[in-house]
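Undergrad: After the structure tokens below, expect a handful of questions from me.
The values are calculated or read from the model by the stated rules, or taken from the named source; none is laboratory data. This one's a predicted model, so the numbers in the text were calculated from it and none came from an experiment. For neighbour counting, all protein chains shown are included, and Cβ atoms are generated from backbone atoms with ideal geometry for every residue, glycine included. Surface accessibility is based on the protein's heavy atoms, side chains included, excluding ligands, DNA and RNA. Shrake-Rupley method; radii C 1.70, N 1.55, O 1.52, S 1.80 Å.
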Amino acid sequence: MEPRLKDESMEGKNKEMLPSKQIDLSLRRLKVIPSEVLVDPNIQILNLDRNKLKTVFGINHLQELKILILSKNELIDFPTEIQSLTHLEKLELNQNKIQTIPAGIFLLLKHLKHLKLNNNRLSRLPMDLGGCSKLQYLNISHNLFTDFPECVLEIKSLKELYLENNKLQKLPARLFLGLSLKKFKVSCNHLREPPDEVCVGGLKQIRSYFLQLQETQAKEEKRVKAIFIGASLAGKTTISRSLTQGHAVPVSLQERTVGIEIREFQIQDLTFLFWDFAGHLEYYVTHHVFITPYALVILVVNLHRYQIDNEQIFMDLVGFWIKNLVMRVPNSVVLTVGTHTDLCQPGEVEEKCQDIKERIYRMLSEHKANLTHFINNLEERQDSEFYLEQADKLRELSNCSVHVVNVFPIDGTHYNDIEKLQNHILYTVCKEELFPNIIKMLPPIYKEVENAILEVTQNEETPQHGIMDLDHLLSEVMLKTKRDLNKNLLKDILRYLHRIGLIVWYEDIKPLLNTVFLKPSFLITVFKMLVRHDLYNQLRSISTEILISERAFKRDVLKWQEMLQSKAMIRLQAIRVLVKHQLETLGLQNTEDLFHDLIGHDTHSGKLLSLLMHFQICMSVRNVKQLNPRAPEFFPGSPWSVKDTRKELCYLFPTYLNNFMEVTERWGGDHHEDLHIRVYFSPQVPEGFFQRLMVKSCSFYSTHWVEKDNFLLANNGKPLLVKQFNQRADSYLEIRSRKPKEPGDFQSLWDFKLVILGIVEKLCKEWPGLFYYIRTPCRTIGCPDEFEWPDMERTGSIYDMIKEDFKTCETCCNTVNMEFVLPKAKGHTEETFLPPTIHVTNYGVASIVSHQ
């Protein structure tokens, strides 16, 4: 397939040089640079991206070259000819196989401003790079650096530096206090100084960290977050409480975890923060908020329930959790603990542990083999240069691996077994190859503030729920530390404490900007007021007194239960009643202010719904009865003014959806002429992913209908169906629309689909171990083949990748109009104008909404 050039004026069989001396030879499968290019010394821009070059002999003749792009080739040795290109301003050598850069290359490149070396195999940089006095951009991510390259500190002009995915343990203070960096990224390293939790805060927080160390020495801190996961009634809470309390703690059925429990525990010089996650799937939709990298994951399995040679039991008790860890935290360490050994027959424990071990190994091996299979398929394609981004992503994933420690069986009723588990946990986390950044170097003020916050939390005058205003906390901490603390410094330390899980502060949620949760466990209590497996029964158990206080009746409860079951919706009045009921159950004192904080007032949403909507756990459905007759004159592009009452406000919780058939009925069945694409996921669609996609999509397009595994959107009268299929080896989303009646409608239809794909892409970034790819099924009836979508890079456009108007299916040999397969007309989905649409949903209401 002949690639389409990015410069439209370059098309044609004979590519003539442009007057501006820009040559685009990308995507040509070139093994050598054409001689006719090398004879013109006046070329200023040369793009050789995505070829098969192993050498660039003769390029030194292009003395006027200012921009040279050699990314995504097969270079192993750094091209020494580049040192002759003294006018070079931009050089891109990313995604090759370069291991070393000889000294002296950069001595004469005095005009170099932009250098990309990411995705190679470099472990050091030559010192002469420091002489590039005009260099502003440097990217050395995805390499093998263990020590920070000192030459970078000499580049005073540097504004952007990217160091992600190396093996760095320490960053120099001079980098942040001596240079004027504007952008900096360093995720996925082994950093101790400053810790990753500080670096995530960006340049401002890193500078603050080093400023605190100017007059004092960093102190060593050893802290580990331990996450207990597993199916319901596996014994997670028994283990967690027994470890923290120092004796065997039996847990009754009534005491099982609802949401998450959090405890702190000390083993020798290590501080552990135990997060005990409930096992019901209803709670899993909130778990992803708290599952973070660099934690020890303790997967608890009930060996009494486990059955050998039963695939479904393995998936329910073990496989489900391993698969989701592979997607969410692909480099995590998993300690598998087998419980209830006292209920097993002699010899049964060892046999079951061995079966679990072998099945986990096969699952992870199968996943790795699938990734390798994908890579090989892409590399063997004749047009493989169109799929280099996907291949790189797959290689990155294949290098990640969940490290699963052998099953450790215990009898939770005997403390001897608990002590053995404690020693095993300590032994595991002390392995540097498993936990390279367990040691964190911190300024003393960090620990002082942490201790002060702990004192404030335990103070009798602090509310039991531990929710505190930021300014109030600042004054309390200053009082405890006897320091004149800067508010910005306190915020920096709060960000760190939030990331290690000690407190919770969501500064990116506007209604919660000035709110600190000193007790994260209470935040979980807030979540479980509305996200729980027994919510239907919770509605039934509400007292008459609470109903009366909210001017509700018993018959209202029946309506609320029916609404929850049939439409997965909860009225605001029901939410108020549920929150009051939960606060009363907790036995907290003086809860009136807390109630209003959680629920909010007429003018703003409360903390509870702000949190749930921020994490796409629910969405508001405002039932608007009519247009406002007293509205001012309407101007095109401005929102329509409507009459509204807050009592009509409801919230949709997709996790409670059932398969009622309204979407199916409104859609009217699939047609052969439908245009549809499929987004495939490996290893599977993550738990909760589709529900979050539904919330984000339906919040954007106000006209919608929903079911458990599909939802229907409408924009300007055009329907779009999104369905989920999540089976083993067949996990994908299908985005389907009717074939346009008019040829000119293809553009808006593809833009509609690309908006949904953009939401999918954004969500996928929260699952680093997830791979997805897009295909369009062949339109021939009965043909199972599909057309694969090439890379969709931000720097380019899908419209630039394909030249043919028609393509032949390799299976049925029929020719397909590419307009049915890929978007053809140029467009920019991020700026798509969406005019006002009529809002008619399955909730029986209508309004006119303007998308602004």
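Undergrad: Could you check segment 802-838 and list, in sequence order, the residues that are at pLDDT below 60 and assigned to a loop (DSSP other than H, G, I, E, B)?
TA: Answer for segment 802-838, where residues must be at pLDDT below 60 and assigned to a loop (DSSP other than H, G, I, E, B): 802, 803, 825, 826, 827, 828, 832, 833, 834, 835, 836.
Undergrad: Please state which one of 517, 522, 435 is out of contact with any helix residue (DSSP H, G or I) (no Cβ under 8 Å at 6 or more places or on another chain) and among the aromatic types (Phe, Trp, Tyr).
TA: Of the residues listed, the single one that is out of contact with any helix residue (DSSP H, G or I) (no Cβ under 8 Å at 6 or more places or on another chain) and among the aromatic types (Phe, Trp, Tyr) is 522.
Undergrad: A follow-up question, please. Residue under question is residue 71, and the condition is that it be at pLDDT 95 or above and open to solvent by less than 20 Å² (accessible area, probe 1.4 Å); does it hold?
TA: Yes; evaluated as a whole, the condition is true for this residue.
Undergrad: Filter segment 576-595 for residues that are part of a helix (DSSP H, G or I) and either of a type in the set (Gly, Ala, Ser) or closer than 20 Å to residue 539 by Cα (or both) and give the result.
TA: 576, 577, 578, 579, 580, 581, 582, 583, 584, 585, 586, 595, listed by residue number.
Undergrad: Got at least one residue in segment 399-413 being assigned to a helix (DSSP H, G or I), touching a residue at least 12 places away in the same chain (Cβ under 8 Å) and either open to solvent by 10 Å² or more (accessible area, probe 1.4 Å) or out of contact with any strand residue (DSSP E or B) (no Cβ under 9 Å at 6 or more places or on another chain) (or both)?
TA: No; the residues of segment 399-413 include none that is assigned to a helix (DSSP H, G or I), touching a residue at least 12 places away in the same chain (Cβ under 8 Å) and either open to solvent by 10 Å² or more (accessible area, probe 1.4 Å) or out of contact with any strand residue (DSSP E or B) (no Cβ under 9 Å at 6 or more places or on another chain) (or both).
Undergrad: Output yes when any residue across segment 317-337 is open to solvent by 60 Å² or more (accessible area, probe 1.4 Å), modelled with pLDDT under 95 and either on the phi > 0 side of the Ramachandran plot or in a helix (DSSP H, G or I) (or both), and no when none is.
TA: Scanning segment 317-337 turns up no residue that is open to solvent by 60 Å² or more (accessible area, probe 1.4 Å), modelled with pLDDT under 95 and either on the phi > 0 side of the Ramachandran plot or in a helix (DSSP H, G or I) (or both).
Undergrad: Another question, if that's okay. Kindly establish whether residue 385 is part of a helix (DSSP H, G or I), farther than 30 Å from residue 248 by Cα and among the acidic types (Asp, Glu).
TA: yes
Undergrad: Oh, and also: Can you tell me which residues in segment 744-773 are out of contact with any Pro (no Cβ under 7 Å at 6 or more places or on another chain), open to solvent by 20 Å² or more (accessible area, probe 1.4 Å) and outside any helix (DSSP H, G or I)?
TA: 765, 766, 772, 773
Undergrad: If you scan segment 56-68, which residues turn out to be part of a strand (DSSP E or B) and crowded, with 20+ Cβ neighbours inside 10 Å?
TA: 68
Undergrad: Which residue, of 150, 220, 164, 197, is of a type outside the set (A, V, I, L, M) and either more than 30 Å from residue 299 (Cα to Cα) or free of Cβ contacts under 8 Å to residues at least 12 places away in the same chain (or both)?
TA: That would be 150, the only listed residue that is of a type outside the set (A, V, I, L, M) and either more than 30 Å from residue 299 (Cα to Cα) or free of Cβ contacts under 8 Å to residues at least 12 places away in the same chain (or both).
Undergrad: Sticking with this structure for a sec: Among the residues that make up segment 525-541, is at least one of them of a type in the set (D, E, K, R), more than 23 Å from residue 619 (Cα to Cα), in contact (Cβ under 8 Å) with a residue 12 or more places away in the chain and surrounded by fewer than 21 Cβ atoms within 10 Å (Cβ to Cβ)?
TA: Yes, some residue in segment 525-541 is of a type in the set (D, E, K, R), more than 23 Å from residue 619 (Cα to Cα), in contact (Cβ under 8 Å) with a residue 12 or more places away in the chain and surrounded by fewer than 21 Cβ atoms within 10 Å (Cβ to Cβ).
Undergrad: Now a separate question. Quick check on my filter: what residues within segment 442-463 are loosely packed, with under 15 Cβ neighbours inside 10 Å, farther than 30 Å from residue 217 by Cβ and not acidic (Asp, Glu)?
TA: Residue satisfying the conditions is 459 alone.
Undergrad: Another question, if that's okay. Name, by its number, the condition in (1) surrounded by 16 or more Cβ atoms within 10 Å (Cβ to Cβ); (2) touching a residue at least 24 places away in the same chain (Cβ under 8 Å) that does not hold for residue 716.
TA: (1)
Undergrad: Something else: For residues in segment 221-242 being touching an Asp or Glu at 6+ places or on another chain (Cβ under 7 Å) and charged (D, E, K, R), which is surrounded by the fewest Cβ atoms within 10 Å (Cβ to Cβ)?
TA: If we take residues in segment 221-242 being touching an Asp or Glu at 6+ places or on another chain (Cβ under 7 Å) and charged (D, E, K, R), then 222 is surrounded by the fewest Cβ atoms within 10 Å (Cβ to Cβ).
Undergrad: Working only within segment 3-55, note down all residues that are assigned to a helix (DSSP H, G or I), open to solvent by 20 Å² or more (accessible area, probe 1.4 Å) and either under 20 Å from residue 382 (Cβ atoms) or at pLDDT below 85 (or both).
TA: 8, 9
Undergrad: Also, quick follow-up: For segment 200-211, indicate whether the set of residues that are under 22 Å from residue 272 (Cα atoms), in contact with a Gly (Cβ under 9 Å, 6 or more places away or on another chain) and surrounded by 20 or more Cβ atoms within 10 Å (Cβ to Cβ) is non-empty.
TA: For segment 200-211, residues under 22 Å from residue 272 (Cα atoms), in contact with a Gly (Cβ under 9 Å, 6 or more places away or on another chain) and surrounded by 20 or more Cβ atoms within 10 Å (Cβ to Cβ): absent.
Undergrad: I'd like to know if segment 391-398 contains one or more residues that are hydroxyl-bearing (Ser, Thr, Tyr), outside any strand (DSSP E or B) and surrounded by 15 or more Cβ atoms within 10 Å (Cβ to Cβ).
TA: Looking for residues that are hydroxyl-bearing (Ser, Thr, Tyr), outside any strand (DSSP E or B) and surrounded by 15 or more Cβ atoms within 10 Å (Cβ to Cβ), one finds at least one in segment 391-398, hence yes.
Undergrad: Now for a different question. Count, please, the residues in segment 596-621 that happen to be polar (S, T, N, Q), in a strand (DSSP E or B) and over 22 Å from residue 703 (Cα atoms).
TA: Qualifying residue count, segment 596-621: 1.
Undergrad: Residues in segment 211-233 that are modelled with pLDDT of 85 or more, farther than 30 Å from residue 170 by Cα and of a type in the set (Gly, Ala, Ser): how many?
TA: Of the residues in that region, 2 qualify.
Undergrad: Tally time: how many residues in segment 474-504 are farther than 15 Å from residue 446 by Cα and either open to solvent by less than 10 Å² (accessible area, probe 1.4 Å) or among the basic types (Lys, Arg) (or both)?
TA: Here the count works out to 1.
Undergrad: Among (1) open to solvent by less than 60 Å² (accessible area, probe 1.4 Å); (2) in contact with an Asp or Glu (Cβ under 6 Å, 6 or more places away or on another chain); (3) of a type outside the set (Lys, Arg), where does residue 342 come up short?
TA: Condition not satisfied by residue 342: (1).
Undergrad: Quick one: in segment 568-608, of everything that is surrounded by fewer than 16 Cβ atoms within 10 Å (Cβ to Cβ) and of a type in the set (Ser, Thr, Tyr), which residue is nearest to residue 652 (Cα to Cα)?
TA: Ranking the qualifying residues of segment 568-608, first place goes to 603.
Undergrad: Being at pLDDT 75 or above, in a loop (DSSP other than H, G, I, E, B) and either in contact with a Pro (Cβ under 8 Å, 6 or more places away or on another chain) or more than 19 Å from residue 232 (Cβ to Cβ) (or both) is the filter here, so list the residues in segment 243-289 that pass it.
TA: Answer for segment 243-289, where residues must be at pLDDT 75 or above, in a loop (DSSP other than H, G, I, E, B) and either in contact with a Pro (Cβ under 8 Å, 6 or more places away or on another chain) or more than 19 Å from residue 232 (Cβ to Cβ) (or both): 246, 247, 248, 268, 269.
Undergrad: Any residue in segment 199-208 that is of a type outside the set (A, V, I, L, M, F, W, C), modelled with pLDDT under 90 and within 20 Å of residue 489 (Cβ to Cβ)?
TA: yes
Undergrad: For segment 309-354, how many residues meet the condition of being small (Gly, Ala, Ser) and closer than 26 Å to residue 688 by Cβ?
TA: Of the residues in segment 309-354, 2 are small (Gly, Ala, Ser) and closer than 26 Å to residue 688 by Cβ.
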